[in-house]
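Undergrad: One structure is given below, represented as structure tokens, and several questions about it will come after.
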Amino acid sequence: MVVETPLIYKFTSKPQFETFSHDWVIKNKGKGDLVLHLQGTTCSCTVAEFPKGAESDTMTVKPGEETTVHLTFETRTSEGKFQKSATMGTNDPKMPSITFATDGEVHPAIVTYPPEKVVMFTSISNEVDNSARVALFSPDRPDLKIIKVTTTKPRFVTAEPAAMNEVDRMYLKTKSGWRINIHVKTGMPLGQFNEIVTIHTDHPKQPELKFQVVGTSSARSPSFRIT
């Protein structure tokens with residue numbers, strides 16, 4: 001039995017909720033039938049299959065012939081290192097079992113900063129404008145576009161997108177991306193507020209992101225002068 005390609009399929013990065021696959025070609029260079037049977041995978045996110053026509057999880061390869069084993073992987077909500085595999089048993093005494101695997105990194109379709117998607121204004125005066133900014137970028141779609149940005153209270157909370165500057169890109173280690181400038185305007189009603197900024201994008205796997213904007217609005221404390 002010969003597998004001419006590496007047993008580990010390595011990739012750089014893939015987004016969450018992505019489904020991808022890889023094939024390995026197995027050749028029978030012996031004089032007898034090569035019997036293969038699938039034994040199991042590391043999790044339900046990995047599925048191993050023989051070509052159509054195989055008897056369930058078993059495949060017989062005649063001398064001089066070849067077949068493939070097809071692995072399908074789902075990244076789902078994984079984040080960080082992604083290492084999944086499937087094991088196959090054989091009747092080859094020199095290789096009674098063989099493991100096919102994948103190795104790479106999985107990231108959110110859109111990475112945000114701050115990652116928890118909460119903008120905290122704490123205590124602010126409602127007599128002046130207050131501002132903050134958030135950032136976002138897509139590792140797999142560097143040309144990510146922002147379609148529009150909306151807020152739940154547009155009279156007092158506004159948000160405008162702008163391309164990341166060089167400092168932002170260096171800090172977040174990305175070649176491109178966006179920052180959203182969020183403003184809590186003068187006149188914000190007194191008391192606690194909890195508003196939502198919604199960012200609509202052209203990313204098919206994450207067309208919408210929501211940032212929570214929270215804090216407390218109060219009147220400016222009067223100034224006292226001792227004479």
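The values are calculated or read from the model by the stated rules, or taken from the named source; none is laboratory data. Just so it is clear, the structure is predicted and the values come from calculations on it, not from any experiment. Here the Cβ positions follow ideal geometry from the backbone for every residue, glycine too, while neighbour counts run over all protein chains shown.
Undergrad: Can we say residue 29 is within 35 Å of the chain's Cα centre (by Cα), basic (Lys, Arg) and outside the structural domain of residue 138 (by TED's automatic domain parsing)? Lay out the reasoning, then the answer.
TA: Numbers: within 35 Å of the chain's Cα centre (by Cα): no; basic (Lys, Arg): yes; outside the structural domain of residue 138 (by TED's automatic domain parsing): yes.
Taking the combined requirement at face value, the residue does not satisfy it.
Undergrad: In segment 88-144, which strands (runs of 3 or more DSSP E) lie fully inside it and hold 2 or more residues that are among the charged types (D, E, K, R)?
TA: Details: elements: 97-107, 111-113, 118-125, 130-137.
The strands (runs of 3 or more DSSP E) meeting that bar are 97-107.
Undergrad: For segment 38-48: of the residues being surrounded by fewer than 16 Cβ atoms within 10 Å (Cβ to Cβ) and more than 16 Å from residue 76 (Cβ to Cβ), which is farthest from the chain's Cα centre (by Cα)?
TA: Restricting to residues being surrounded by fewer than 16 Cβ atoms within 10 Å (Cβ to Cβ) and more than 16 Å from residue 76 (Cβ to Cβ), the top hit is 39.
Undergrad: For residues that are of a type in the set (Lys, Arg) and either more than 15 Å from the chain's Cα centre (by Cα) or not assigned by TED's automatic domain parsing to the domain that holds residue 176 (or both), scanning just segment 118-152, find the one that is nearest to residue 4 (Cα to Cα). Outline the logic, then answer.
TA: In the first step, residues of segment 118-152 are kept if they are of a type in the set (Lys, Arg); the result is 133, 141, 145, 148.
Right, trim to either more than 15 Å from the chain's Cα centre (by Cα) or not assigned by TED's automatic domain parsing to the domain that holds residue 176 (or both) and you get 133, 145, 148.
On the way: 133: 51, 145: 42, 148: 49 Å.
Taking the candidates together, the pick is 145.
Undergrad: Taking the residues in segment 203-227 that are touching a strand residue (DSSP E or B) at 6+ places or on another chain (Cβ under 9 Å) and among the aliphatic types (A, V, I, L, M) as candidates, determine which candidate is modelled with the lowest pLDDT. Show your work before the answer.
TA: Let us first name the residues in segment 203-227 that are touching a strand residue (DSSP E or B) at 6+ places or on another chain (Cβ under 9 Å), namely 203, 205-221.
The next check asks that each one be among the aliphatic types (A, V, I, L, M); those that pass are 209, 213-214, 219.
Working: 209: 96, 213: 98, 214: 97, 219: 89.
Checked segment 203-227; the qualifying residue modelled with the lowest pLDDT is 219.
Undergrad: Need the failing condition index for residue 67 against (1) out of contact with any Ser or Thr (no Cβ under 8 Å at 6 or more places or on another chain); (2) surrounded by fewer than 16 Cβ atoms within 10 Å (Cβ to Cβ); (3) farther than 30 Å from residue 211 by Cα; (4) not charged (D, E, K, R), just the number.
TA: Unmet condition: (2).
Undergrad: Exactly one condition in (1) under 30 Å from residue 219 (Cβ atoms); (2) exposed (fewer than 13 other Cβ atoms within 10 Å of the Cβ) is not met by residue 183; state its number.
TA: Residue 183 satisfies every listed condition except (2).
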